[in-house]
Number of protein chains: 2
Amino acid sequence: MKELRQKALNLHKKFKGKLEIRVKVPLKTKKDLSLAYTPGVAIPCLEIKKNPNLIYDYTWKGNTVAIVTDGSAVLGLGNIGAKSALPVMEGKAILFKKFGNVDAIPICLDTQDPEEIIDIVKKISPTFGGINLEDISAPRCFIIEKRLNEELDIPVFHDDQDGTAIVVLAALINSLKLVNKKIEEVKIVINGAGAAGIAITKMLYKAGARKILLCDREGIIYKGRKENMNFAKEEILNYLYESKKGSLKDAIKEADVFIGVSGPNLVTKEMIKSMNKYPIVFAMSNPIPEIMPDEAKKGGAYIVGTGRSDFPNQINNLLAFPGIFRGTFDAKAKKITDKMKLAASQAIANYIPESKLSPSYIIPSALDKNVVKQVAKSVKKAVIE
Amino acid sequence: MKELRQKALNLHKKFKGKLEIRVKVPLKTKKDLSLAYTPGVAIPCLEIKKNPNLIYDYTWKGNTVAIVTDGSAVLGLGNIGAKSALPVMEGKAILFKKFGNVDAIPICLDTQDPEEIIDIVKKISPTFGGINLEDISAPRCFIIEKRLNEELDIPVFHDDQDGTAIVVLAALINSLKLVNKKIEEVKIVINGAGAAGIAITKMLYKAGARKILLCDREGIIYKGRKENMNFAKEEILNYLYESKKGSLKDAIKEADVFIGVSGPNLVTKEMIKSMNKYPIVFAMSNPIPEIMPDEAKKGGAYIVGTGRSDFPNQINNLLAFPGIFRGTFDAKAKKITDKMKLAASQAIANYIPESKLSPSYIIPSALDKNVVKQVAKSVKKAVIE
């Protein structure tokens with residue numbers, strides 16, 4: 001850990017940031033200048049003035065995403081603010097470029113007021129072809145994503161919600177193939193009712209799941225609960241099954257699937273033992289999972305996934321977001337719809353042939369760039385259909 | 001012109017915009033990912049949280065400029081709005097990169113309210129190491145630049161004001177060497193009281209000029225004038241000489257220097273004839289100057305400069321802005337001061353040895369990248385002194 005610490009600092013210091021601008025057009029002679037800048041540049045300006053849609057032909061807009069954060073919920077670090085969030089946003093930007101050939105620009109906002117964030121994002125949007133919200137705390141992130149999706153004419157994605165949900169669904173689809181269970185029938189317990197937990201609940205519901213229980217620090221979220229509720233938890237009740245008062249330990253009994261997007265060491269071996277046959281356990285708290293994979297196995301877990309790259313089955317957003325935006329841009333889509341998100345999950349799941357699936361291989365490697373291509377293709381196809 | 005039109009459109013369409021993101025760090029292996037992204041990226045985040053100034057060590061901030069426009073005064077095209085302005089801002093961005101190795105990001109704002117622009121720029125500023133205001137109409141631009149300079153902790157530059165003024169002063173310094181006159185003694189008439197005209201007036205005053213007359217559509221700007229005034233024109237009265245009612249024709253009589261940042265064909269051969277000996281004429285309206293160089297020569301002009309690349313003495317902002325920001329960033333300066341701007345003018349002027357100066361060579365070529373290096377060096381030196 002100490003070595004990683006020093007190496008990470010050295011890398012960031014050596015390069016002073018992880019991305020830069022590259023010039024795509026020739027710029028050597030007076031003639032080059034006269035085409036790329038004055039007087040030639042006036043022509044595309046006037047064409048866009050006549051037909052605003054031509055901005056996609058003549059500028060970088062159609063390939064460019066703003067990665068917008070307010071620094072309120074950065075990685076596992078919490079509310080560290082706009083400036084401290086910049087290294088993460090740069091990291092996201094280079095993943096967008098390297099994996100999806102999407103040009104992404106970090107925009108770290110020095111405000112945490114949802115109305116201000118909405119207003120600013122709308123007003124800087126002419127430059128960008130899409131908005132990727134990042135590391136904005138729940139439940140504020142739900143309002144911001146919803147409003148921007150309604151009010152902007154470019155696609156809006158909140159990776160902590162949508163990206164996570166897409167990859168979890170992909171992992172679940174393949175896990176269910178292995179245990180020969182149907183999504184409609186399995187009992188699913190999700191722990192953590194922040195951005196990821198709420199989005200996973202909705203996504204699994206849209207994919208057919210009907211027996212979902214959602215827990216937070218207070219235990220099961222149920223109709224009539226008074227403690228620690230918010231508008232997002234009230235709304236999610238419509239997606240939940242037999243939700244009545246109880247602890248996580250109560251909820252997990254006879255569950256087929258446990259999905260953790262909560263905190264370290266919240267699940268015990270005994271809790272896994274109380275699950276239904278062939279337990280599926282996605283313990284995605286980072287860096288320390290809800291239960292370590294070997295503990296989960298001791299409790300009888302059949303399939304274990306985590307967020308970490310040093311265990312099998314890394315459930316990693318990187319499998320989704322570059323391909324989602326690549327496909328959305330290629331299709332010139334103005335929204336990222338549920339259909340497109342479901343197509344992305346299916347593409348990630350189907351990337352592994354059924355014959356190759358095993359309890360330690362339910363999800364492709366995040367470093368395999370062909371996954372992005374498949375996701376982009378499927379997302380684009382979903383738009384066209 | 002028709003050919004230029006088609007070539008400019010083809011270029012923009014072929015590349016779909018003129019810039020893209022380039023990844024600077026290795027990103028192939030799991031280990032690369034663990035340093036540039038999670039978990040390693042958390043370390044620089046936490047270091048910046050402890051000491052915000054480290055953002056300059058660990059991110060791209062210290063080399064990155066936002067090119068901010070509201071599309072209200074784009075090139076000679078007027079108020080064409082945020083989207084239509086994007087090709088120009090991309091053009092500016094690639095010049096920043098190619099000439100100054102400065103990473104510049106176009107930010108086209110969908111608002112023309114000065115208070116909103118100030119607020120948004122402040123709130124997006126954590127990502128950026130500097131702000132270059134661009135093509136914002138006068139007198140709004142004066143308020144926006146002043147307020148941002150006071151309220152932000154990063155340098156703010158308005159190229160239409162500062163950039164133009166710096167290059168005009170450089171051209172004037174060399175012209176005065178040729179005619180053996182002193183800036184303190186020459187009578188200077190500036191036509192056009194927008195962003196450029198006001199800024200040139202102030203800059204020449206700061207360089208020693210004391211006999212400046214400023215004209216606009218109504219003629220000479222004088223104390224007590226009621227027509228077509230604004231707060232910027234009221235304030236500039238303090239920099240002006242013997243300002244009394246009169247036309248441009250009245251003003252230009254016996255002037256040593258004419259500087260046009262106004263409109264096409266506003267100056268006649270006869271007006272040049274009425275000037276003092278060895279008239280210096282900078283007719284910078286684009287694409288059609290206040291007077292064409294051959295006409296000006298017929299009227300007896302000794303030195304003629306324009307904004308165009310197809311005549312001698314192109315007075316081009318490109319000589320200033322990349323070097324100004326390069327030097328400012330290299331010096332880690334938080335403001336661009338008058339001293340730094342004057343140093344930039346001197347560096348541009350001194351780039352041509354006195355022995356090489358001639359009436360058709362008073363200013364270096366905008367394509368000569370060594371000028372940028374000299375400007376950057378002088379600006380940095382001005383900071384350190």
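Does at least one position in the stretch A:327-338 carry a residue that is touching a Lys or Arg at 6+ places or on another chain (Cβ under 6 Å) and either of a type in the set (S, T, N, Q) or open to solvent by 30 Å² or more (accessible area, probe 1.4 Å) (or both)? Explain how you work it out, then say what you get.
The first filter runs over the stretch A:327-338 and keeps only residues touching a Lys or Arg at 6+ places or on another chain (Cβ under 6 Å), leaving A:327, A:330-331, A:338.
Still in the list and also either of a type in the set (S, T, N, Q) or open to solvent by 30 Å² or more (accessible area, probe 1.4 Å) (or both): A:330, A:338.
Yes, the conditions are met somewhere in the stretch A:327-338.
Taking the criterion of being more than 16 Å from the chain's Cα centre (by Cα) and either charged (D, E, K, R) or in a helix (DSSP H, G or I) (or both), would at least one residue in the stretch B:129-136 satisfy it?
Step one: filter the stretch B:129-136 for residues more than 16 Å from the chain's Cα centre (by Cα), giving B:129.
Retained after the next criterion (residues that are either charged (D, E, K, R) or in a helix (DSSP H, G or I) (or both)): none.
No, the stretch B:129-136 contains no residue that is more than 16 Å from the chain's Cα centre (by Cα) and either charged (D, E, K, R) or in a helix (DSSP H, G or I) (or both).
Please specify each residue of the stretch B:276-314 satisfying the condition of being among the hydrophobic types (A, V, I, L, M, F, W, C) and not in a strand (DSSP E or B). Talk me through it step by step, then tell me what you get.
Of the residues in the stretch B:276-314, the ones among the hydrophobic types (A, V, I, L, M, F, W, C) are B:280-284, B:288, B:291-292, B:296, B:301, B:303-304, B:311.
Hits for the stretch B:276-314 are B:MET284, B:ILE288, B:ILE291, B:MET292, B:ALA296, B:ALA301, B:PHE311.
Within the stretch B:1-37, how many residues are in contact (Cβ under 8 Å) with a residue 24 or more places away in the chain and touching a Gly at 6+ places or on another chain (Cβ under 7 Å)?
Selection size over the stretch B:1-37: 1.
For every residue, the table says whether it meets (1) among the β-branched types (Val, Ile, Thr); (2) touching a Lys or Arg at 6+ places or on another chain (Cβ under 9 Å); (3) within 15 Å of B:PHE321 (Cβ to Cβ).
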| position | (1), (2), (3) |
| --- | --- |
| B:PHE142 | no, no, no |
| B:ASN149 | no, yes, no |
| B:LEU152 | no, yes, no |
| B:GLN161 | no, yes, yes |
| B:ILE166 | yes, yes, yes |
| B:ILE173 | yes, no, no |
| B:ASN180 | no, no, no |
| B:VAL186 | yes, yes, no |
| B:GLY197 | no, no, no |
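Among all residue pairs at least 6 apart or on different chains, which show Cβ distances below 6 Å where the first residue, located in the stretch A:129-140, is at positive phi and the second is open to solvent by 10 Å² or more (accessible area, probe 1.4 Å) and assigned to a loop (DSSP other than H, G, I, E, B)?
A:ASP135/A:ALA73
If you check B:ILE67 against the conditions, is it facing another protein chain (nearest Cβ under 7 Å), aliphatic (A, V, I, L, M) and crowded, with 18+ Cβ neighbours inside 10 Å?
no
How many residues are outside any helix (DSSP H, G or I), without any contact (Cβ under 8 Å) to a residue 40 or more places away in the chain and hydroxyl-bearing (Ser, Thr, Tyr) when one looks only at the stretch A:239-275?
Total satisfying the criteria: 4.
From the residues in the stretch B:82-126 that are over 19 Å from the mean Cα position of the chain (by Cα) and of a type in the set (Asp, Glu), which one is farthest from the other protein chains (Cβ to nearest Cβ)?
The qualifying residue farthest from the other protein chains (Cβ to nearest Cβ) is B:GLU115.
Of all the residues that make up the stretch B:315-371, how many are among the aromatic types (Phe, Trp, Tyr) and either on the phi > 0 side of the Ramachandran plot or outside any helix (DSSP H, G or I) (or both)?
Taking the stretch B:315-371 as the starting set, the residues that turn out to be among the aromatic types (Phe, Trp, Tyr) are B:321, B:325, B:329, B:351, B:361.
With either on the phi > 0 side of the Ramachandran plot or outside any helix (DSSP H, G or I) (or both) added as a condition, the list becomes B:351, B:361.
So the count comes out to 2.
Look at A:ILE154 and say whether it is out of contact with any Ser or Thr (no Cβ under 7 Å at 6 or more places or on another chain) and at pLDDT 95 or above.
So A:ILE154 fails the test.
Can you name every residue in the stretch B:286-326 that is touching a residue at least 60 places away in the same chain (Cβ under 8 Å), of a type outside the set (S, T, N, Q) and open to solvent by 40 Å² or more (accessible area, probe 1.4 Å)?
If the condition is that a residue be touching a residue at least 60 places away in the same chain (Cβ under 8 Å), of a type outside the set (S, T, N, Q) and open to solvent by 40 Å² or more (accessible area, probe 1.4 Å), then B:PRO287, B:TYR302, B:ARG326 are the ones that fit.
Any idea how many residues of the stretch B:70-80 are within 21 Å of B:ASP119 (Cα to Cα) and within 7 Å of chain A (Cβ to nearest Cβ)?
Selection size over the stretch B:70-80: 0.
Go through the stretch B:142-175 residue by residue and tally those that are in contact (Cβ under 8 Å) with a residue 60 or more places away in the chain and open to solvent by less than 10 Å² (accessible area, probe 1.4 Å).
Here is the first cut: in the stretch B:142-175, the residues in contact (Cβ under 8 Å) with a residue 60 or more places away in the chain are B:142, B:149, B:153-157, B:159-160, B:162-175.
Within this subset, residues satisfying the condition of being open to solvent by less than 10 Å² (accessible area, probe 1.4 Å) are B:154-157, B:159, B:163, B:165-172, B:174-175.
Final tally of qualifying residues: 16.
Quick one: in the stretch A:17-63, which of the residues that are under 12 Å from B:LYS83 (Cβ atoms) and hydroxyl-bearing (Ser, Thr, Tyr) is farthest from the other protein chains (Cβ to nearest Cβ)?
Applying the filter and picking the extreme gives A:TYR56.
Quick check: anything in the stretch B:175-183 outside any loop (DSSP other than H, G, I, E, B) and touching a helix residue (DSSP H, G or I) at 6+ places or on another chain (Cβ under 7 Å)?
Checking the stretch B:175-183: at least one residue is outside any loop (DSSP other than H, G, I, E, B) and touching a helix residue (DSSP H, G or I) at 6+ places or on another chain (Cβ under 7 Å).
Among what's in the stretch A:221-262 and is among the small types (Gly, Ala, Ser) and closer than 17 Å to A:GLY197 by Cα, pick the residue that is surrounded by the most Cβ atoms within 10 Å (Cβ to Cβ).
Looking at residues that are among the small types (Gly, Ala, Ser) and closer than 17 Å to A:GLY197 by Cα, I get A:GLY260.
Return only the number of the condition from (1) surrounded by fewer than 19 Cβ atoms within 10 Å (Cβ to Cβ); (2) within 27 Å of B:PHE157 (Cα to Cα); (3) modelled with pLDDT of 95 or more that B:LYS341 does not satisfy.
(1)
Taking the criterion of being assigned to a helix (DSSP H, G or I), modelled with pLDDT of 95 or more, open to solvent by less than 10 Å² (accessible area, probe 1.4 Å) and not polar (S, T, N, Q), would at least one residue in the stretch A:108-115 satisfy it? Before you say what the answer is, go through the steps one by one.
Filtering the stretch A:108-115 down to residues assigned to a helix (DSSP H, G or I) leaves A:114-115.
After this cut, where a residue has to be modelled with pLDDT of 95 or more as well, the list is A:114-115.
Subsequent filtering for residues that are open to solvent by less than 10 Å² (accessible area, probe 1.4 Å) retains none.
Scanning the stretch A:108-115 turns up no residue that is assigned to a helix (DSSP H, G or I), modelled with pLDDT of 95 or more, open to solvent by less than 10 Å² (accessible area, probe 1.4 Å) and not polar (S, T, N, Q).
Out of the stretch A:58-82, which residues are touching a residue at least 12 places away in the same chain (Cβ under 8 Å) and of a type in the set (A, V, I, L, M, F, W, C)?
Within the stretch A:58-82, A:TRP60, A:VAL65, A:ALA66, A:ILE67, A:VAL68, A:ALA73, A:VAL74, A:LEU75, A:ALA82 qualify.
For the stretch A:171-188, state whether one or more residues are among the hydroxyl-bearing types (Ser, Thr, Tyr) and closer than 21 Å to A:ALA301 by Cα.
Yes.
Checking the condition among the polar types (S, T, N, Q), over 30 Å from A:TYR361 (Cα atoms) and touching a strand residue (DSSP E or B) at 6+ places or on another chain (Cβ under 9 Å), which residue from A:SER175, A:SER243 passes?
Selected residue: A:SER243, the only one of A:SER175, A:SER243 that is among the polar types (S, T, N, Q), over 30 Å from A:TYR361 (Cα atoms) and touching a strand residue (DSSP E or B) at 6+ places or on another chain (Cβ under 9 Å).
Among the residues of the stretch B:291-306, which ones are more than 12 Å from B:MET275 (Cβ to Cβ) and of a type outside the set (A, V, I, L, M, F, W, C)?
Passing the criteria: B:PRO293, B:ASP294, B:GLU295, B:LYS297, B:LYS298, B:GLY305, B:THR306.
The values are calculated or read from the model by the stated rules, or taken from the named source; none is laboratory data. All values reported here derive from a predicted model rather than from experimental measurement. Here Cβ is always computed from backbone atoms with ideal geometry, including for glycine, and neighbour counts include all displayed protein chains. Accessible surface areas use protein heavy atoms only, side chains included; no ligands, DNA or RNA. Shrake-Rupley method; radii C 1.70, N 1.55, O 1.52, S 1.80 Å.
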